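This report refers to the structure that appears directly beneath it.
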Amino acid sequence: MNKINDIYGEALLDYQNGNFTEDIKTFSTIAGDDIYPLPYLFRTFKKMPKLEQKALQLSKGKILDIGCGAGSHSKYLQKQNKEVLAIDISEGAIETCKQRGIINAKVQDVWQLKNQQFDTILLLMNGAGMCGKLHKLAKFLNHLKTLLTSNGQILLDSTDVIYMFEDEDGNYSIDANKDYYGETTFTMEYKNKKGKPFDWLYIDFNNLQRASEFCGLQCELILEGSHYDYLARIIK
């Protein structure tokens, strides 16, 4: 990734190096303007949501942490003496991971990752959203399937954003003629620099389960969060 466009990585490095002055601003077509708090990305295990804690506790064998960001999940796993590879397309994120002591961290697009297999693949903080569109989810899962050992597992969390379309009467106003309601486009801004817009997907469990079955995978609900979020496990 071009460092000029890596405002996410720049923000992580600023926080890591004690230059924290502001959070990342985001805009999405679903939620509008919002803030992405940098300190949250450096949280300890105790401050992680229960869904993430559970996923880390279930992680076993050789682990792949996709979209690792500042590396908080990998750092915890490494402390538990587990073998983990942390990958991200952001150079700044991987440099942050290395500065935080993560031994095995590399700039890597998961779509280009081949000829390796893992016992656990982590897609936390809605990591499966990186596939961008609902119609791309099966292709994404099929690729991850090639990276799994025979007894491997994919652990992912996501949120069903259906609640954002609920009216005062408790009904959901969704236009059936439009794209899937969980599809959105994000833009990030940091220190007056705007990144390029990118597609992101919030996937409800039923659609995740259907896509998994289409790929010859089994998907089970592990844990539900407090607000339409959940943790799922996918196996061969």
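The values are calculated or read from the model by the stated rules, or taken from the named source; none is laboratory data. Just so it is clear, the structure is predicted and the values come from calculations on it, not from any experiment. With ideal geometry, Cβ positions are generated from the backbone for all residues, glycine too; neighbour counts draw on all protein chains shown.
Scanning the stretch 60-93 for residues that are surrounded by fewer than 22 Cβ atoms within 10 Å (Cβ to Cβ) and either assigned to a loop (DSSP other than H, G, I, E, B) or at pLDDT below 95 (or both) turns up Lys60, Gly61, Lys62, Gly67, Gln80, Asn81, Lys82, Glu83, Ile89.
Please tell me if Asp199 is closer than 21 Å to Leu231 by Cβ, among the acidic types (Asp, Glu) and in contact (Cβ under 8 Å) with a residue 24 or more places away in the chain. It is false that Asp199 is closer than 21 Å to Leu231 by Cβ, among the acidic types (Asp, Glu) and in contact (Cβ under 8 Å) with a residue 24 or more places away in the chain. Candidates in the stretch 94-118 are the residues that are on the phi < 0 side of the Ramachandran plot, in a loop (DSSP other than H, G, I, E, B) and not charged (D, E, K, R); of these, the one that is surrounded by the most Cβ atoms within 10 Å (Cβ to Cβ) is Ile102. Restricted to the stretch 170-195, and to residues there that are surrounded by 12 or more Cβ atoms within 10 Å (Cβ to Cβ) and acidic (Asp, Glu), the residue that is nearest to Ser28 (Cα to Cα) is Glu183.
Scanning the stretch 10-24 for residues being closer than 28 Å to Met164 by Cβ and either touching a helix residue (DSSP H, G or I) at 6+ places or on another chain (Cβ under 6 Å) or crowded, with 18+ Cβ neighbours inside 10 Å (or both) gives a total of 4.
Between Asp167, Asp175, Asp229, the distinction of being among the acidic types (Asp, Glu) and either in contact with an Asp or Glu (Cβ under 6 Å, 6 or more places away or on another chain) or touching a residue at least 12 places away in the same chain (Cβ under 8 Å) (or both) belongs to Asp229 only. Evaluated against (1) under 21 Å from His227 (Cβ atoms); (2) among the aliphatic types (A, V, I, L, M); (3) within 17 Å of the chain's Cα centre (by Cα), Ile30 falls short on exactly one condition, (3). Residues that are touching a Phe, Trp or Tyr at 6+ places or on another chain (Cβ under 6 Å) and among the β-branched types (Val, Ile, Thr) number at least 2 in the following strands (runs of 3 or more DSSP E) confined to the stretch 135-236: 183-190.
Scanning the stretch 37-55 for residues that are in contact (Cβ under 8 Å) with a residue 12 or more places away in the chain, under 27 Å from Leu221 (Cβ atoms) and not polar (S, T, N, Q) returns Leu41, Arg43, Phe45, Met48, Pro49, Lys50, Leu51, Glu52, Lys54, Ala55.
The requirement of being farther than 15 Å from Leu201 by Cα, surrounded by 23 or more Cβ atoms within 10 Å (Cβ to Cβ) and of a type in the set (A, V, I, L, M, F, W, C) is satisfied by Ile154. Suppose the filter is over 17 Å from the mean Cα position of the chain (by Cα), polar (S, T, N, Q), surrounded by 18 or more Cβ atoms within 10 Å (Cβ to Cβ) and under 15 Å from Ala128 (Cβ atoms); does Ser212 pass it? Yes: the conditions hold for Ser212. Counting only residues that are in contact with a helix residue (DSSP H, G or I) (Cβ under 7 Å, 6 or more places away or on another chain) and under 26 Å from Trp111 (Cβ atoms), the stretch 25-40 holds 1 of them.
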